[in-house]
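Engineer: Have a look at this one.
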Amino acid sequence: MENVEVVVIGAGQAGLSSAYHLRRTGLTPGEDFVVLDHAPAPGGAWQFRWPTLTYGRVHGMHALPGMELTGADPGRPSSEVIGEYFTHYEHRFGLSVRRPVDVREVRDADWGGRLLVRTSGGDWAARAVINATGTWDRPFWPRVPGQELFRGRQLHTSGYRGPDTDAFVGKRVVVVGGGTSAVQHLLEISEVARETVWVTRRPPLFRAGPFGPEEGRAAVALVEQRVRQGLPPQSVVSVTGLPMTEEMRRARERGVLERVPMFSRVTEDGVAWDDGSQAAADTILWATGFRPAIDHLAPLRLREPGGGIRLEGTRAVRDERVHLVGYGPSASTIGANRAGRAAVRDIRALLAGGHEAAAGTGTSTGTGLASPAA
């Protein structure tokens, strides 16, 4: 077992931002704190994105603190651009990220007020933990009667590799979901599929015009309110609506963005509604989002009756040693940066022996609302 002051779990935007601020306050990477990442390479969840999600199509990527991302080719896949950027960032600041390391559980160590972090690469005892695990590892698959009967293919965004595959080319495709990823998939697939059907639970909300700081703060505040109540967080994008781009306008003119309500069951050959209508399908693409990857925190009993982890700023209300960055209101690239700074300020006060809460500062003023998993 190794003893450190802080363990950072995850090396995406939130984890690297937190590590940067820990280092900036005088803590030494690899000695005073350690960053653990289960991914095979730098890049966080970005490294798993589909090739057609080019950097120019990324929804508002914000640079990490202390190092801008400049000169990137907008035509290159975002997985490559951001993977290289994160690699350079880790090296420049000597963050000594350990990977691949799977964190299995975090529990009370029962001595010295420390937390015990059990992993596939050994155990660490720490005075504080910054959890920055995001959502990519927990794709959400809705349960609909008849799914097991479907004779075609069912995919989730987490397994989407672009439109030019045998799952979509010349096929009848049902795309389920009302978020940014669902629309991106739909627009691409409609160019190669025999036909597409777009299904959402609620009518999608499109927004036009500028989206400024005031609108950004209001959107983040709605997400933060749920977290303060101990409810499962919604994504920031879910309360901002979908930006009506020129590409979307053209697709709407072609009839691609004609949404239909959620079906009631899946059949052997497609989907069906209670009114008797049906749609034949070869492929169902579930672009239904993700949930926070926080099961490893279960031994600490941080969840509230509402199902979420209640936070003050980034600090878990039930355990001041645990901070969640990239969760709820900080689940955006700029939000993760600010939350990392706020978490470190709070943790430094804790390590000094006098906990002066810096909670609530830096996590609710962001306007760069790109989700790292957008």
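Engineer: Once you keep just the Cα pairs under 8 angstrom separated by 6 or more residues, what percentage relative contact order results for the chain?
Structural biologist: With pairs under 8 Å counted, the relative contact order is 22 percent.
Engineer: Which of Val101, Val192, Val325 ends up with the largest GNM mean-square fluctuation for the chain, with Cα atoms connected below 10 Å?
Structural biologist: Val192
Engineer: Given +1 on the Cβ of Lys and Arg, -1 on the Cβ of Asp and Glu, and no further charges, what dipole in debye does the chain carry about its Cα centre, rounded to the nearest 20?
Structural biologist: 480
Engineer: Okay, next question. Out of Thr70, Thr54, Thr333, any idea which swings most in a Gaussian network model of the chain, alpha carbons joined below 10 Å?
Structural biologist: Result: Thr70 has the largest fluctuation of those listed.
Engineer: About its Cα centre, what dipole magnitude does segment 1-146 give when the only charges are +1 on Lys and Arg Cβ and -1 on Asp and Glu Cβ, stated in debye to the nearest 20?
Structural biologist: Dipole about the Cα centre, nearest 20: 360 debye.
Engineer: Report the one residue of Ile130, Ser120, Phe150 whose Cα lies farthest in the direction of the positive end of the charge dipole of segment 107-178 (charges on C-beta: Lys and Arg +1, Asp and Glu -1; origin at the Cα centre).
Structural biologist: So the residue furthest toward the plus end is Phe150.
Engineer: Something else now. Set Lys and Arg Cβ to +1 and Asp and Glu Cβ to -1, take the dipole of segment 238-358 about its Cα centre, and tell me which of Leu300, Thr283, Ala251 lies farthest positive.
Structural biologist: Working it through, the farthest residue towards the positive pole turns out to be Leu300.
Engineer: Among the complete DSSP H segments of the chain, which ones combine at least 15 Å of alpha-carbon extent along their axis with a mean Kyte-Doolittle hydropathy of 0.0 or more? Could the numbers behind the result be given before it?
Structural biologist: On the way: long enough: 13-24 (16 Å, -0.65); 78-92 (21 Å, -1.01); 213-228 (22 Å, -0.48); 333-351 (27 Å, 0.17).
What comes out of the filter, once short or polar helices are dropped, is 333-351.
Engineer: A further question follows. Could you pull out every residue, at least 5 positions away or on a different chain, whose amide H is within less than 5 Å of the one on Arg153? Hs are placed 1.01 Å off N in the peptide plane, and Pro or chain starts have none.
Structural biologist: Here the answer is Thr283, Ile284, since their amide H atoms fall under 5 Å of that of Arg153.
Engineer: On to the next question. How high is the relative contact order of segment 148-209, given as a whole-number percent (alpha carbon pairs under 8 Å, six or more residues apart)?
Structural biologist: On the way: 62 pairs, mean separation 21.0, N = 62.
Relative contact order here is 34 percent.
Engineer: Also, I was wondering about something else. Express in nm, to one decimal, how much length is gained between His88 and Asn3 on full extension, taking 0.36 nm for each residue of separation and deducting their alpha carbon distance. Write out the running numbers ahead of the final one.
Structural biologist: On the way: separation 85, 0.36 × 85 = 30.60 nm, distance 2.75 nm.
Extra length from His88 to Asn3 when fully extended: 27.9 nm.
Engineer: Further question: Between Glu191, Glu84, Glu68, which gets the highest mean-square fluctuation from a Gaussian network model of the chain, Cα cutoff 10 Å?
Structural biologist: Result for the chain, Cα springs under 10 Å: Glu68 fluctuates most.
Engineer: A further question follows. Please order Ser181, Ser277, Ser332 by the number of other Cβ within 10 Å, starting at the fewest. Kindly include the intermediate steps, with their values, before the conclusion.
Structural biologist: Details: Ser181 25, Ser277 10, Ser332 32.
Arranged by neighbour count, lowest to highest, Ser181, Ser277, Ser332 become Ser277, Ser181, Ser332.
Every number here is computed from the coordinates shown, using simple stated rules; none is lab data. Only a predicted model underlies this, so the values are computations on that prediction, with no experimental measurement involved. A quick note on method: Cβ atoms are made from the backbone with ideal geometry, for glycine too, and the neighbour counts reach across all protein chains shown.
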